[in-house]
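Novice: Take this structure, written in structure tokens, and hold onto it; I'll ask about it next.
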Amino acid sequence: MSKLSQVDSLTVRLYESRSLLGAAAAKIAGEKLRALLKKKETVNIVFAAAPSQNEFLASLTNEKNIDWKRVRAFHMDEYTGLPDRAPQRFGNFLKLHFFDIVPLRETHYMHGNSGNLENECRRYGELLLRFPTDVVFMGIGENTHIAFNDPHVAKFNDPAMVKVVDLDEACRQQQVNDGCFNTLEQVPRMALTLTVPALMKGDHIFCMVPGKRKAQAIYHTLRDDIGEKYPSTILRTHPSAELFIDSDSGALL
């Protein structure tokens, strides 16, 4: 069973468990992808990489009748300074959990260890402009960040598509909470990220946010004023965005 509600322009779907959330989000996303592929030769998708997306990504790989050979894949952020083969790198995470499982047309990776990060941001931003985003699959951080747009660097009118950011302590601590790193000191302090406007350019947004550690973030997302103090509140202005939460992440509503 699920509960459906609306907050401003944002559709909110509440499920009893994390597994039900992931399966339902994948089913609804699959329907959207099949519909888009009937109208368009290719579809461009931006993916988030995080444990919160595990159930959704696993279910999406099992969706039937999606011609993945007509899909271009991008990801929305990447650490700097980690070894190229580090499992915590978001490109590697997505390669393991999705990009190597379905036969995608193209996969475009961010290079967080580029010798010139500004040029890398420009390169990836130009790709996103060349291949406009049809669908964004994303989450929300414990501090309400979307991608790595933490509150202190989130700009709703950011002129860039991709930028270098420093990560706040709450964001870095989340990576430890998620089990991706053993200690805070191991978590990189810098990353590349799609900006808020780059994410919002997606024609359709599916945002999957399970777990009790996200309850406060979901409360802020849906109950506080729309503004950069809580970056995820911007989702309430998007004309085609859906938020998927479970009983844990929705516990404070």
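Novice: With the cut-off at 1.5 for a/c, could you classify the chain from its C-alpha gyration tensor as rounded, prolate or oblate?
Specialist: Rounded.
Novice: Keeping all protein chains in place and using 1.4 angstrom, which order do 168, 84, 248, 134 fall into by accessible surface area, from largest down?
Specialist: Largest accessible area first, the residues go 84, 248, 168, 134.
Novice: Indicate the gyration tensor shape class of the stretch 32-125 (rounded, prolate or oblate), computed on the Cα atoms with a ≥ b ≥ c the square roots of the eigenvalues: a/c under 1.5 is rounded; otherwise a/b larger than b/c is prolate and the rest oblate.
Specialist: The shape class here is oblate.
Novice: Could you tell me what percent of the accessible area of the stretch 18-86 is made up of carbon and sulfur, with a 1.4 Å probe and every protein chain present?
Specialist: Exposed carbon and sulfur together represent 47 percent of the surface.
Novice: For residue 176 and residue 62 in the same chain, what is the full-extension length gain: residue separation times 0.36 nm, less their Cα-Cα distance, in nm?
Specialist: Stretched fully, the residue 176-residue 62 segment lengthens by 38.1 nm.
Novice: Show me, for the stretch 30-38, the HN-Hα J-couplings you get by feeding each phi into the Karplus relation (A = 6.51, B = -1.76, C = 1.60, θ = phi - 60°), rounded to Hz, glycine and proline as x.
Specialist: Going residue by residue, I get x, 4, 5, 5, 5, 5, 5, 6, 6 Hz, with x marking Gly and Pro.
Novice: Still on this model: If amide hydrogens are placed 1.01 Å from N in the peptide plane, which non-local residues have theirs closer than 5 Å to the one on residue 148?
Specialist: Counting only residues 5 or more places away or on other chains, the set is 194.
Novice: Given a 1.4 Å probe, how much area per residue of the chain is accessible, in Å²?
Specialist: Per-residue value: 44 Å².
Novice: Express in Å², to the nearest 10, the accessible area of residue 155 obtained by rolling a 1.4 Å probe over the protein heavy atoms while all chains stay in place.
Specialist: It works out to around 110 Å².
Novice: If you don't mind, there's one more thing I want to ask. Ignoring everything but the protein chains, give the 1.4 Å probe accessible area of residue 16 in square angstrom, nearest 10.
Specialist: 120
Novice: How much mean residue ellipticity at 222 nm does the chain get from its helices, if each DSSP H run of length 4 or more adds -39500 (n - 2.57) and you divide by all residues, to the nearest 500 deg cm²/dmol?
Specialist: Taking each H run of at least 4 residues, the total per residue is -8500 deg cm²/dmol.
Novice: Let me ask something else. Between residue 213 and residue 130, what is the label-to-label distance in nm when each label sits 7 Å out along the Cα-to-Cβ direction?
Specialist: 3.7
Novice: Provide 47, 131 ordered by accessible surface of protein heavy atoms (probe 1.4 Å), highest first.
Specialist: 131, 47
Novice: Accessible area of residue 180, 1.4 Å probe, to the nearest 10 Å²?
Specialist: Probe radius 1.4 Å; accessible area of residue 180 about 40 Å².
Novice: Something else about it: How large is the charge dipole for the stretch 53-152, taken about the Cα centre, if only the Cβ atoms of Lys, Arg (+1) and Asp, Glu (-1) carry charge, to the nearest 20 debye?
Specialist: 420
The values are calculated or read from the model by the stated rules, or taken from the named source; none is laboratory data. From a predicted model like this one, the values you see are computed outputs, not experimental measurements. Positions of Cβ are generated from backbone atoms using ideal geometry, with glycine treated the same way; all protein chains shown enter the neighbour counts. These accessible areas exclude ligands, DNA and RNA; they are computed on the full protein's heavy atoms, side chains included. Shrake-Rupley method; radii C 1.70, N 1.55, O 1.52, S 1.80 Å.
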